[in-house]
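Below you'll find the structure, written out as structure tokens, and then a few comments.
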Amino acid sequence: MKTQESMPTTKVARSAKFIETGFRIGGNYVKHFSKKLFNPDLSREELNEDNAEDIYNSLSELKGSALKIAQMLSMDKNVLPKAYVNKFTQSQYNAPPLSGPLIIKTFTKSFGKSPDKIFDTFNLNSIQAASIGQVHVATLNGKKLAIKVQYPGVADSISSDLKLVKPFAFRLLGMSEKELNIYIKEVEERLLEETDYQLEVRRSIEFSKACSNLKNTVFPVYYPELSSGKIITMDWIEGLHLKEFLATNPSQKLKNKIGQALWDFYNFQQHELKAVHADPHPGNFLITPDEKLAVIDFGCIKELPENFYQPFFSLVVPGLMDDKAKTIKAFRELDMIHPDDNKSQIEFYYKSYKEMISLFALPYRSKTFDFSKPEFFENLYAWGDKIAKMPEFKQPRGVKHFIYVNRTNFGLYTLLNELQATVKTDTFQPKIN
Amino acid sequence: MTSPDQIKKSYIDHVLTNGEAPKSVYNFAKSLKMSESDFYKIFSSFSMIEKKVWEDLTLQTLIKMKEQEIWPQYSSREKMLSFFYSYVEVLKTQRSFIIYTLKNHTKRLTTPEVLSDVKPLFENFSEDIINEGIDTGELAERKFISNRYKDALWVQFAFIINFWIDDDSAAFEKTDEAIERGINVSFDLFQKSPLDNLFEYGKFLSRNSKFREKMGI
């Protein structure tokens, strides 16, 4: 991998990068429409491909929160056209690393010692980028360790990055600034939490302890004494990423086993801990040689407050949605139906959201669910496509908690789909009062 | 007999406590219980002490840095980055005093007198790693220009120190970014670029003009 030698860090430099992208996207539109003059059949796919490429290129040079946003946009496959998704999915694995001396400096600042004085061995070439940091391999007392080092200045630049990324988000999602702000704020809060590595270590230890009874799920040991605000030290876990794992042609039984571990991991957290690892992108998981699911990143935790959890999951358990009044009440609590909606609007959103939740909750409606079935996902994407075109849904609806809960659950569904797994879905049931 | 180090320490202490240099060498020597002439055997003036502080900090950085096991594996670019990262760390131990010594220097484009001993040290170091880079092919050798590389790095030196003095970010994180960016830009310019190839190509064409005539171009 090529080492990135310069990182545009001041706001001006970052803006310049974004402006450049803006121009190029503008250019792509011009290109598209002038071609379309002569060839009306030209699909938007090509345009989307061009745009995605340009956005991705500038985002990956910016690193940090912008990259994180790219990752997040790519999670919601149902919102974005396919070309965006393909480009953005790249960002989950590739980002060029920072210079060796800076790594050493970061260690010296945290521990007063360079990494070679702390560990028996330390490889200065990072083996993996982790969106707001990079991962290095070290050994200590015969143990192989994974060390996550954060890029300097990341926390500083998150807010300004988000401000810069907003216009693109408006364009991509077709929302206005005012409507988007409440969501952007939620994203900003989570992103800022992610830059606090001390918090992450604390949570990782808490969550791996709380989840220790789950079958077939393992967690690395974390070393708080070798971690700081910018560095996390944990055990190195041998294993394959999802794509690599699938390339080994695992048996259906094994795929189901891993899929079940994923399902249990998420639903145990949602329904027992009421707080969930909200970053289900494939880079955060490994499949170990002894056929277990390893969870290696607790940067993003979404807590589910009761006033969200109760109405939302009451819709998921069978029964409630047969009762129209109760359903509308839940929709109101979740701000999916606004207080000033008129009668026909209420009827419209009631029907649309009922359709959506029924789709979403389908896996919960039976004892087992086969995530390899394409129909389920086609229906989900088709619904996403449909509402994207409806003017009624130009206004965002729903409380801010939806962003991360949707991201988590769609992310989970997508992972299970990629695994082609069939899982028992009744292992951890929603707890409705 | 008072050692140079002790004199240095007392001087720094005096300056930081009182916000100014001692009234006279006589006064200062007296407080150290030494004679004025003994003081002059070691330092000829107060500004000599200040220069010595800078020189010592710079030497300390150069030595400490080369002790790193990783040092021989670094490219020239990384060596320069490493120097500055270590340097601002070392300077941090005397930050208040450093700021004091530069406070009176307002003409930012000239080299402050207090750095006159540091400059040759840094330039020697720069030259060493530039030559090393040229030998390994990391950096481009350009007639007349490549022996000015070290001047460009000295400008970077001044810029980074000034930046660091004004830096108010937590743990001087912004200075780290300034180093990463600035040094990388310099080294990007020092290494082979398409312009070199264009230049070489032009040279090739002019050398082979006979061939061109024959081809009727």
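Once segment B:157-171 is narrowed to residues that are surrounded by 12 or more Cβ atoms within 10 Å (Cβ to Cβ) and either away from chain A (no Cβ under 14 Å) or aliphatic (A, V, I, L, M) (or both), the residue that is farthest from B:Phe125 (Cα to Cα) is B:Ala171.
Residues of segment B:32-52 that are over 26 Å from the mean Cα position of the chain (by Cα) and either closer than 30 Å to B:Thr111 by Cβ or surrounded by 11 or more Cβ atoms within 10 Å (Cβ to Cβ) (or both): B:Leu32, B:Met34, B:Ser35, B:Glu36, B:Asp38, B:Phe39, B:Tyr40, B:Lys41. Taking the listed residues B:Asn162, B:Asn124, the one that is free of Cβ contacts under 8 Å to residues at least 24 places away in the same chain and out of contact with any strand residue (DSSP E or B) (no Cβ under 8 Å at 6 or more places or on another chain) is B:Asn124, with no other qualifying. Residues considered: B:Leu139, B:Leu102. Of these, the only one that is surrounded by 17 or more Cβ atoms within 10 Å (Cβ to Cβ) and over 22 Å from B:Leu59 (Cα atoms) is B:Leu139. Among the residues making up segment A:184-207, those that are over 9 Å from A:Phe298 (Cα atoms) and surrounded by 18 or more Cβ atoms within 10 Å (Cβ to Cβ) are A:Ile184, A:Val187, A:Arg190, A:Leu191, A:Thr195, A:Tyr197.
The conditions of being out of contact with any His (no Cβ under 6 Å at 6 or more places or on another chain), in a loop (DSSP other than H, G, I, E, B), within 14 Å of chain A (Cβ to nearest Cβ) and surrounded by fewer than 21 Cβ atoms within 10 Å (Cβ to Cβ) are not met by B:Glu89. With respect to being acidic (Asp, Glu) and touching a Phe, Trp or Tyr at 6+ places or on another chain (Cβ under 9 Å), B:Glu200 falls outside the description. Where helices (runs of 4 or more DSSP H) fall entirely within segment A:149-245, those with at least 2 residues that are small (Gly, Ala, Ser) and modelled with pLDDT of 85 or more are at A:197-210.
Consider segment A:354-407 and keep the residues that are at pLDDT below 85 and among the hydroxyl-bearing types (Ser, Thr, Tyr). The one that is surrounded by the fewest Cβ atoms within 10 Å (Cβ to Cβ) is A:Tyr381.
Report whether or not B:Lys174 is of a type outside the set (Asp, Glu), surrounded by 14 or more Cβ atoms within 10 Å (Cβ to Cβ), within 10 Å of chain A (Cβ to nearest Cβ) and touching an Asp or Glu at 6+ places or on another chain (Cβ under 9 Å). When the stated conditions are applied, B:Lys174 passes them. Criterion first (within 12 Å of another protein chain (Cβ to nearest Cβ), more than 14 Å from B:Phe122 (Cα to Cα) and not small (Gly, Ala, Ser)) does B:Gln94 satisfy it? The answer is no for B:Gln94. When only residues in segment A:113-147 that are among the hydrophobic types (A, V, I, L, M, F, W, C) and touching a Leu at 6+ places or on another chain (Cβ under 6 Å) count, which is farthest from A:Glu225 (Cα to Cα)? Going through the qualifying residues, I end up with A:Ala138. May I ask you to list the residues in segment B:57-93 that are over 22 Å from B:Leu115 (Cα atoms) and touching a residue at least 40 places away in the same chain (Cβ under 8 Å)? Scanning segment B:57-93 gives B:Ser75, B:Ser76, B:Arg77. Residues considered: B:Glu20, B:Glu69. Of these, the only one that is exposed (fewer than 14 other Cβ atoms within 10 Å of the Cβ), out of contact with any Ser or Thr (no Cβ under 7 Å at 6 or more places or on another chain), within 14 Å of chain A (Cβ to nearest Cβ) and in a loop (DSSP other than H, G, I, E, B) is B:Glu69. Within segment A:116-130, the set of residues being of a type outside the set (Val, Ile, Thr) and within 16 Å of A:Gly142 (Cα to Cα) comprises A:Asp116, A:Lys117, A:Phe119, A:Asp120, A:Phe122, A:Asn123. Can you find, within segment B:138-158, the residue that is nearest to the chain's Cα centre (by Cα) among those that are in contact (Cβ under 8 Å) with a residue 40 or more places away in the chain and outside any helix (DSSP H, G or I)? Once the filter is applied, the top-ranked residue is B:Leu139. Just one residue in the set A:Lys351, A:Lys386 is charged (D, E, K, R), part of a helix (DSSP H, G or I) and over 25 Å from the mean Cα position of the chain (by Cα); that residue is A:Lys351. For segment A:278-290, the criterion of being assigned to a helix (DSSP H, G or I), touching a Lys or Arg at 6+ places or on another chain (Cβ under 8 Å) and in contact (Cβ under 8 Å) with a residue 40 or more places away in the chain is met by at least one residue.
Would you confirm whether any residue within segment A:292-304 is outside any loop (DSSP other than H, G, I, E, B) and farther than 30 Å from A:Trp236 by Cα? No, every residue in segment A:292-304 fails to be outside any loop (DSSP other than H, G, I, E, B) and farther than 30 Å from A:Trp236 by Cα. Would segment B:45-56 turn up any residue that is assigned to a loop (DSSP other than H, G, I, E, B) and free of Cβ contacts under 8 Å to residues at least 40 places away in the same chain? Taking every residue of segment B:45-56 in turn, at least one turns out to be assigned to a loop (DSSP other than H, G, I, E, B) and free of Cβ contacts under 8 Å to residues at least 40 places away in the same chain. The residues of segment B:164-199 that are of a type in the set (Ser, Thr, Tyr) and assigned to a helix (DSSP H, G or I), listed by number, are B:Thr175, B:Ser186.
The values are calculated or read from the model by the stated rules, or taken from the named source; none is laboratory data. Because the structure is predicted, anything quoted here is derived from the model rather than measured. We place every Cβ from the backbone using ideal geometry, glycine too, and count neighbours over all the protein chains shown.
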